[in-house]
Structures are given as C-alpha cells and as structure tokens.
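Since the structure comes first, as structure tokens, the remarks are kept for the end.
The values are calculated or read from the model by the stated rules, or taken from the named source; none is laboratory data. For clarity, every value in this text was computed on a predicted model and none was experimentally measured. As a convention, Cβ positions derive from the backbone with ideal geometry for all residues, glycine included, and neighbour counts pool all protein chains shown. Keep in mind that these areas ignore ligands, DNA and RNA; they rest on the heavy atoms of the full protein, side chains included. Shrake-Rupley method; radii C 1.70, N 1.55, O 1.52, S 1.80 Å.
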Amino acid sequence: MIADPWQRQRLLDAFPFLHATPEEFRADVFDHVALVRLPVGQLICHDGAQCTQLPLVLTGTGRVYKLGENGREITLYRVHPGESCVVTTSCILSGRAFPAFAVCESAVEAVVVRPHEVRRWMASSEQWREYIFGLIASRLQEVFGVLDAVLFQRLDQRLIAYLLGQLETASGRGIHMTHQALAVELGSSREVISRVLKGLESQGLLRTTRGLIELLDIPALELRAREG
C-alpha cells in the first residue's frame, strides 16, 4: 500500500495514463502496490524464474538481456522511468518462466504489483490494458530491431551505429565506454570488438584510449553505418 500523498503523486506523474483512470481504480492501485528500492547491480530476475511481481519504474534503469551458453550477453532492451518490463508482464499473464535476465543498471526505485492484480486490472481497466498493450508493441519493435541488426547487419555497422547513437548523451565526440561493455551491448566478445575498433582507428575514423572512444570523422562513420 502507498499511503503517502507525495509518493502517490510521484506514481501518477511517472505513469500519466493513471490520470485518465476512474478515481476508484487509482485508489485500488494505491492499495495494492508496494514501493521498493534496489541497488545498482541487483539481479531482478533470472532465466527460468517465476515472476512474482510486476515493477513500475519510478527512477533508475533496468536492463534485460540474454546470456548465451558461450557466456556472451546481448542487451534486449532497457526499462526506464515510466515504463515496466513487458517480458515480466507476458510471463505473469501466461504463467511461463522468465526467459532472460534482468538487472539494475543503476539504483532503481519502483512500485511493484502482484500477479493477481496485474490480471485483475487487465480485465477491469481499459486504460491499464491500453498501457500494457502499448508497451508490448513498442518493446516488440525494439527487440525485432535488435534481431534485425544481429542477423542482417555487419558487426562494424552495428558498432558504428551504436556509437553514433551514444553521441546524443555524450559531451563532445568522446564516448566513455569499455570494449567489454560494447561487447555486451552488441552480443559479441571483447576481443572481436577490440579488433573492429582497431580497424576503424587505422582508417582515421575514431581514436581509442582506455575507457574512451573518440569519434573523429562523423560523416564518414555515418556513411559506413548506412552501407548495404
């Protein structure tokens, strides 16, 4: 239960669709969710586990990823504030085990919903259904984008596209990221990523130092990322 008016308002602000729900539904939500805080690095769920609660993230970021038999990871998607984990939702609705791993990429604050309420609200609230189905649709598109990149794009193109995408939040042209972290994002190995980066560096497209990748020729990198 969330009784604190300030915490209730935080939930409403993070999930605006709740404003459009009847007052009775919002009261039901406040009565049947609990606030949790998880530290960075906390494992939220592991492959094969049963999902016992659905998180609605208020602050922080969770990462959902697959781990191969060879030990390599690939990130499927991230869960940001105002979002929930659609894999958890599907597992709760279907009764199936969680097919991936989820971990706190930063400290996470969330409210959690029990499976009974997730299913009950799916039957009783149009706004809740629309939120869940909209989230599923956007996540499916995101995951299919990952599959498309892995199956049909060269690794150098995927690496360049990822680095260019990081410029949106970087200061200048420098991206603070290790080769291992890039390998995790792209489902490769650190050795292969290092080899690709070295090739791009020899062409004068970027420069690498410990924990830093500086993009030197952005137009040329953008052209390379679009090559067929």
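Using a Gaussian network model of the chain whose springs link C-alpha atoms within less than 10 Å, name the residue from Leu167, Leu140, Leu58 with the highest mean-square fluctuation.
Taking springs between Cα atoms under 10 Å, the residue moving most is Leu167.
I need to check one value: relative contact order of the stretch 136-228, counting alpha carbon pairs closer than 8 Å and at least 6 residues apart, in percent.
Worked out over the stretch 136-228, it gives 30 percent.
Subtract the Cα-Cα distance of Gln127 and Ala27 from 0.36 nm times their separation in residues, and report this length gain in nm to one decimal.
In short, 34.5 nm is gained.
What are the residues whose amide H is under 5 Å from the amide H of Gly187, where those residues sit 5 or more places off or on another chain and H is modelled from the backbone?
When sequence neighbours closer than 5 places are left aside, the close amide H contacts are Thr75.
Using a 4.7 Å cut-off between beta carbons, which cysteines in the chain end up with no partner cysteine at all?
Cysteines lacking a close Cβ partner in the chain: Cys45, Cys85, Cys104.
Calculate, in nm to one decimal, what Val112 and Leu35 gain on full extension: separation in residues at 0.36 nm each, minus their alpha carbon distance.
27.1 nm
First compute the accessible area of the stretch 5-151 with a 1.4 Å probe, then give the percent of it belonging to carbon and sulfur atoms.
Values: 4270 of 7480 Å².
C and S atoms contribute 57 percent here.
Using C-alpha positions alone, give me the convex hull volume of the stretch 153-226 per residue in cubic angstrom.
Spread over its residues, the Cα hull of the stretch 153-226 gives 80 Å³ apiece.
Between the stretch 29-75 and the stretch 1-17, how far is it from one alpha carbon centroid to the other, in angstrom?
The stretch 29-75 and the stretch 1-17 have Cα centres separated by 21 Å.
Heavy-atom accessible area per residue, the chain, 1.4 Å probe: how many Å²? Before the final figure, lay out the partial values.
Working: 12110 Å² over 228 residues.
Heavy-atom accessible area per residue stands at 53 Å².
If the chain between Leu223 and Gln50 were fully stretched, how many nm would it gain, using 0.36 nm times the residue separation less the Cα-Cα distance?
57.8 nm
Based on a Kirkwood Rh over C-alpha pairs, give the Stokes-Einstein translational diffusion coefficient of the stretch 5-151 at 4 °C and viscosity 1.567 mPa s in µm²/s.
82
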